[in-house]
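> First the structure, then my questions, so here it is.
The values are calculated or read from the model by the stated rules, or taken from the named source; none is laboratory data. What you see is a predicted model; the values in this text were computed from it and never measured. Backbone-built Cβ (ideal geometry, glycine too); neighbour counts: all protein chains shown. Accessible surface areas use protein heavy atoms only, side chains included; no ligands, DNA or RNA. Shrake-Rupley method; radii C 1.70, N 1.55, O 1.52, S 1.80 Å.
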Amino acid sequence: MTSKSHWKLLALALVLVVVMVWYSISREDSFYFPVSEKKEPCFQGEAERQASKIFGNHSREQPIFLQLKDYFWVKTPSAYELPFGTKGSEDLLLRVLAITSYSIPESIQSLECRRCVVVGNGHRLKNSSLGGVINKYDVVIRLNNAPVAGYEGDVGSKTTIRLFYPESAHFDPKIENNPDTLLVLVAFKAMDFHWIETILSDKKRVRKGFWKQPPLIWDVNPKQIRILNPFFMEIAADKLLSLPIQQPRKIKQKPTTGLLAITLALHLCDLVHIAGFGYPDAYNKKQTIHYYEQITLKSMAGSGHNVSQEAVAIKRMLEMGAVKNLTYF
Ligand SMILES: CC(=O)N[C@H]1[C@H]([C@H](O)[C@H](O)CO)O[C@](OP(=O)(O)OC[C@H]2O[C@@H](n3ccc(N)nc3=O)[C@H](O)[C@@H]2O)(C(=O)O)C[C@@H]1O
Ligand SMILES: CC(=O)N[C@@H]1[C@@H](O)[C@H](O[C@@H]2O[C@H](CO)[C@H](O)[C@H](O)[C@H]2O)[C@@H](CO)O[C@H]1O
């Protein structure tokens with residue numbers, strides 16, 4: 001080989017290496033951890049230790065779900081209105097808590113170490129083949145109306161907890177959940193409590209007051225329903241996003257349901273993994289955001305979310321090891 005062609009080959013190899021390095025940096029694969037077939041080792045109290053660094057020492061004292069006794073026997077005062085507290089919604093809430101439950105199921109309670117995965121609705125779950133891995137966690141947390149049927153290979157089929165609000169409730173909850181899935185209501189406004197009360201007590205439905213028509217008939221067992229303590233929305237907003245809690249603005253800034261679910265998992269679990277989190281860059285106007293439907297970032301205008309700020313918060317949690325990511329970020 002002549003020395004000229006030798007140099008050409010070397011230059012080609014160099015270009016190849018540069019392209020490979022650039023590709024892996026651009027995908028930020030540093031926050032991807034390879035999935036192993038074995039269960040990750042779980043250390044009791046680990047998430048609690050991490051959560052106390054982010055949220056402070058006392059957040060663990062808060063109940064995960066709202067309880068009747070705190071509104072019936074003792075009137076627990078709340079400093080904030082929904083979605084960050086229950087101030088002003090107590091009477092409605094009292095009626096809802098009288099017909100729902102607040103317990104953490106025995107199947108979770110009895111675990112020595114709680115391995116949890118929070119499944120975001122992001123497009124990067126598509127063709128991920130993570131279904132089997134997701135199903136192995138003790139607790140699988142899903143969000144809104146994200147489907148499972150037809151997507152089992154990528155997202156799994158087990159749903160231990162699903163967070164939702166009336167506008168994000170799946171019209172047929174039986175298809176996308178397991179019979180014992182906990183359906184956890186995240187209330188943003190008093191009407192959200194009113195909606196669940198009318199559904200469960202079969203009272204006259206109200207159609208006004210929602211930004212999207214929620215189901216009017218919803219086939220669920222009241223024993224499956226829980227009401228998320230708005231405290232978790234408050235600390236996600238305050239400690240993860242530094243948002244003001246009292247906002248005069250019409251479009252209130254608030255955490256996404258996914259960030260709220262990670263906050264919840266850090267208080268409920270011992271190990272927290274996430275999958276399907278991460279939005280396209282703002283200039284990427286054509287990229288679809290969900291694994292199950294074709295919609296873009298444009299659909300989120302007016303939602304009161306700051307997805308780039310949330311990405312910073314998630315990266316911080318990944319860097320400190322509070323959570324691990326099954327997809328790339
Ligand atoms: C039009 C609109 O209001 N869309 C909102 C939708 C919509 O209400 C429901 O899907 C029901 O139809 O809900 C939201 O979110 P959404 O239901 O899209 O997604 C659930 C959570 O997954 C994470 N996610 C999603 C897509 C993506 N590319 N990257 C992600 O990280 C986010 O953490 C997100 O919270 C919501 O509740 O937060 C936030 C969205 O703003
Ligand atoms: C005042 C009002 O109803 N605002 C609505 C927002 O709450 C709503 O955002 C949506 O509100 C939900 C709570 O109800 C969740 O926070 C969701 O993440 C968020 O996107 C947007 C959706 O396009 O429509 C406005 O009219």
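> Could you please give the count of residues in the stretch 284-310 that are within 16 Å of ligand 2 (Cβ to nearest atom) and either open to solvent by 30 Å² or more (accessible area, probe 1.4 Å) or at pLDDT below 95 (or both)?
Within the stretch 284-310, residues that are within 16 Å of ligand 2 (Cβ to nearest atom) and either open to solvent by 30 Å² or more (accessible area, probe 1.4 Å) or at pLDDT below 95 (or both) number 16.
> Another question about this same structure. Pairs only if they're at least six apart or on different chains, beta carbon under 6 angstrom, first in the stretch 172-187 and over 15 Å from P214 (Cα atoms) and free of Cβ contacts under 8 Å to residues at least 40 places away in the same chain, second within 16 Å of ligand 2 (Cβ to nearest atom) and part of a loop (DSSP other than H, G, I, E, B); list them, first residue then second.
Listed pairs, sorted by first residue: E176/H170.
> Still on this structure, please answer the following. Considering only residues that are in a helix (DSSP H, G or I), more than 9 Å from ligand 1 (Cβ to nearest atom) and either under 28 Å from D281 (Cβ atoms) or within 15 Å of the chain's Cα centre (by Cα) (or both), which ones fall in the stretch 126-172?
G131, V133, I134, G153, D154, V155, listed by residue number.
> Follow-up question, since we're still on this one. Working carefully through the options I99, I108, find the one that is open to solvent by 10 Å² or more (accessible area, probe 1.4 Å), within 23 Å of P230 (Cβ to Cβ) and either away from ligand 2 (no atom under 16 Å from the Cβ) or touching an Asp or Glu at 6+ places or on another chain (Cβ under 7 Å) (or both).
I99
> What tally of residues in the stretch 194-226 results from selecting those that are within 13 Å of ligand 2 (Cβ to nearest atom) and buried (at least 17 other Cβ atoms within 10 Å of the Cβ)?
The number of residues fulfilling the criteria is 2.
> A further question follows. Only one of these conditions is not met by Y137: (1) crowded, with 21+ Cβ neighbours inside 10 Å; (2) touching a helix residue (DSSP H, G or I) at 6+ places or on another chain (Cβ under 9 Å); (3) aromatic (F, W, Y). Which number is it?
(2)
> Another one. Does the stretch 199-220 contain at least one residue that is under 23 Å from the mean Cα position of the chain (by Cα), assigned to a helix (DSSP H, G or I) and modelled with pLDDT of 95 or more?
no
> I need the full set of residues from the stretch 81-96 which are in a loop (DSSP other than H, G, I, E, B) and open to solvent by less than 60 Å² (accessible area, probe 1.4 Å), in order please.
Residues satisfying the conditions are L82, P83, F84, G85, T86, S89.
> In addition: Pick from Q287, Q247, Q294, Q309: which is in contact (Cβ under 8 Å) with a residue 12 or more places away in the chain and part of a loop (DSSP other than H, G, I, E, B)? Give the derivation first.
Working: Q247 fails: in contact (Cβ under 8 Å) with a residue 12 or more places away in the chain; Q294 fails: in contact (Cβ under 8 Å) with a residue 12 or more places away in the chain; Q309 fails: part of a loop (DSSP other than H, G, I, E, B).
From the options Q287, Q247, Q294, Q309, the qualifying one is Q287.
> Further question: Of all residues in the stretch 51-75, which are closer than 18 Å to M317 by Cα and not in a helix (DSSP H, G or I)?
G56, N57
> So which residues in the stretch 268-277 are more than 16 Å from ligand 2 (Cβ to nearest atom) and either closer than 16 Å to A47 by Cβ or open to solvent by 10 Å² or more (accessible area, probe 1.4 Å) (or both), if there are any at all?
Matches in the stretch 268-277: L268, C269, D270, L271, V272, H273, I274.
> Still on this structure, I have one more. Pick from the stretch 251-267 the residues that are open to solvent by 10 Å² or more (accessible area, probe 1.4 Å) and more than 8 Å from ligand 1 (Cβ to nearest atom): which of them is farthest from Q62 (Cα to Cα)?
So the residue we want is I251.
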